Amino acid sequence: PMFVDHFKERIYDGDIAERMVVVSPDAGRAKLANHFAERLGATLAVLTKQRPDHNEAEVTLLIGDVAGRCAILIDDMIDTAGTLCAGARVVKDAGATRVFAAATHGLLSASAVERLRDSVIEEVVLTDTVPLPEEAVAAEMFRVLSVDRILADSVHNVFVDESVSAIFAGENQLF
């Protein structure tokens, strides 16, 4: 829900004027991405990939229309950013006007920050669940959303024996 709220605010502020498309990095995340797209009033696209080697991915197909739209690639984490950057390039080459990325955990290992800076991705939105490397903190392309309220509410609800799921208003259900 934090990411949906963030992008809705960007739309409201006029920072994003184009129609939007949410892009799933693979078929396994398509249901989550579709839910995200529905809440944003966006369409859905899905990337398919194969892994020719360990820690290496090759984007093989883009399913869906991204032409003339602002694309948001959404995933659970960004580690080396290789797959994300390759997917972003495919989406941009298919006609997306702008490309954003959003992920819960920004591990940003190896040369991920440099790879992201050199990519077609305009901005990467992350949460503060993992400390960012110094070079990411210094880069303007990273925007960090705090999970402090969610953690505080979770601790409170456990303490008073209330539902933690209620905090997410059903938005934590993926299936």
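The values are calculated or read from the model by the stated rules, or taken from the named source; none is laboratory data. Keep in mind that this is a model prediction, so the values were computed, not measured. Don't worry about glycine lacking a Cβ; one is built from the backbone with ideal geometry, like all the others, and counts go over all protein chains shown. In case anyone asks, the SASA skips ligands and DNA or RNA and just uses the protein heavy atoms, side chains included. Shrake-Rupley method; radii C 1.70, N 1.55, O 1.52, S 1.80 Å.
Among the residues of the stretch 142-173 satisfying the criterion of being among the β-branched types (V, I, T) and in a helix (DSSP H, G or I), which is farthest from A102 (Cα to Cα)? Please lay out each step first, then the result.
Start the filter on the stretch 142-173 by keeping residues that are among the β-branched types (V, I, T), which leaves 144, 147, 150, 155, 158, 160, 164, 167.
Keeping just the survivors that are in a helix (DSSP H, G or I) gives 150, 155, 158, 167.
Working: I150: 18, V155: 25, V158: 28, I167: 21 Å.
Across the stretch 142-173, the extreme among qualifying residues is V158.
Suppose the filter is open to solvent by 40 Å² or more (accessible area, probe 1.4 Å) and either over 24 Å from A33 (Cβ atoms) or aliphatic (A, V, I, L, M) (or both); does V124 pass it?
On the way: open to solvent by 40 Å² or more (accessible area, probe 1.4 Å): no; either over 24 Å from A33 (Cβ atoms) or aliphatic (A, V, I, L, M) (or both): yes.
Spelling it out, it is not the case that V124 is open to solvent by 40 Å² or more (accessible area, probe 1.4 Å) and either over 24 Å from A33 (Cβ atoms) or aliphatic (A, V, I, L, M) (or both).
Inside the stretch 81-98, can you point out the residues that are touching a Leu at 6+ places or on another chain (Cβ under 7 Å), of a type in the set (V, I, T) and open to solvent by 30 Å² or more (accessible area, probe 1.4 Å)?
So in the stretch 81-98, the residues touching a Leu at 6+ places or on another chain (Cβ under 7 Å) come out as 81, 84-85, 87-88, 90-91, 94.
Filter once more, so that each one left must be of a type in the set (V, I, T): 90-91.
The answer is V90, and nothing else.
Answer with yes or no whether R115 is loosely packed, with under 13 Cβ neighbours inside 10 Å and in a helix (DSSP H, G or I).
Details: loosely packed, with under 13 Cβ neighbours inside 10 Å: no; in a helix (DSSP H, G or I): yes.
When the stated conditions are applied, R115 does not pass them.
Looking for whichever is in contact with a helix residue (DSSP H, G or I) (Cβ under 8 Å, 6 or more places away or on another chain), farther than 19 Å from D79 by Cβ and open to solvent by 40 Å² or more (accessible area, probe 1.4 Å) here; the options are D153, D161. Which one fits? Break it down stepwise before answering.
Values: D161 fails: in contact with a helix residue (DSSP H, G or I) (Cβ under 8 Å, 6 or more places away or on another chain).
Only one candidate passes the filter, namely D153.
How many of the residues making up the stretch 51-80 are of a type in the set (G, A, S) and either over 16 Å from V120 (Cα atoms) or open to solvent by less than 20 Å² (accessible area, probe 1.4 Å) (or both)? Break it down into steps so the answer makes sense when it comes.
Initial filter on the stretch 51-80 (of a type in the set (G, A, S)): 57, 64, 67-68, 71.
From what's left, either over 16 Å from V120 (Cα atoms) or open to solvent by less than 20 Å² (accessible area, probe 1.4 Å) (or both): 57, 64, 71.
Of the residues in that region, 3 qualify.
Every residue in the stretch 84-138 that is of a type in the set (V, I, T) and under 13 Å from the mean Cα position of the chain (by Cα), please. It would help to see each step written out before you state the result.
First pass over the stretch 84-138, keeping only residues of a type in the set (V, I, T): 90-91, 97, 99, 104, 113, 120-121, 124-125, 127, 129-130, 137.
Residues satisfying the conditions are V99, T104, I121, V124, V125, T127.
Tell me, please, whether a residue that is basic (K, R) and in contact with a strand residue (DSSP E or B) (Cβ under 8 Å, 6 or more places away or on another chain) can be found in the stretch 99-119. Spell out how you get there, then give the answer.
Filtering the stretch 99-119 down to residues basic (K, R) leaves 115, 117.
Of the ones still in play, those that are also in contact with a strand residue (DSSP E or B) (Cβ under 8 Å, 6 or more places away or on another chain) are none.
Checking the stretch 99-119: not a single residue is basic (K, R) and in contact with a strand residue (DSSP E or B) (Cβ under 8 Å, 6 or more places away or on another chain).
Within the stretch 127-141, track down each residue that is assigned to a loop (DSSP other than H, G, I, E, B) and in contact with an Asp or Glu (Cβ under 9 Å, 6 or more places away or on another chain).
First, pick out the residues of the stretch 127-141 that are assigned to a loop (DSSP other than H, G, I, E, B): 128-133, 139-141.
Residues satisfying the conditions are D128, E140, M141.
Taking the condition of being out of contact with any His (no Cβ under 9 Å at 6 or more places or on another chain), within 22 Å of T129 (Cβ to Cβ), among the β-branched types (V, I, T) and assigned to a strand (DSSP E or B), how many residues in the stretch 58-104 meet it?
Residues meeting the conditions: 3.
State the number of residues belonging to the stretch 17-33 that are surrounded by 16 or more Cβ atoms within 10 Å (Cβ to Cβ), at pLDDT 95 or above and not small (G, A, S).
Going through the stretch 17-33 one residue at a time, the tally reaches 4.
L32 fails exactly one of the following numbered conditions: (1) without any contact (Cβ under 8 Å) to a residue 60 or more places away in the chain; (2) under 26 Å from S165 (Cα atoms). What is the number of that condition?
Failed condition: (1).
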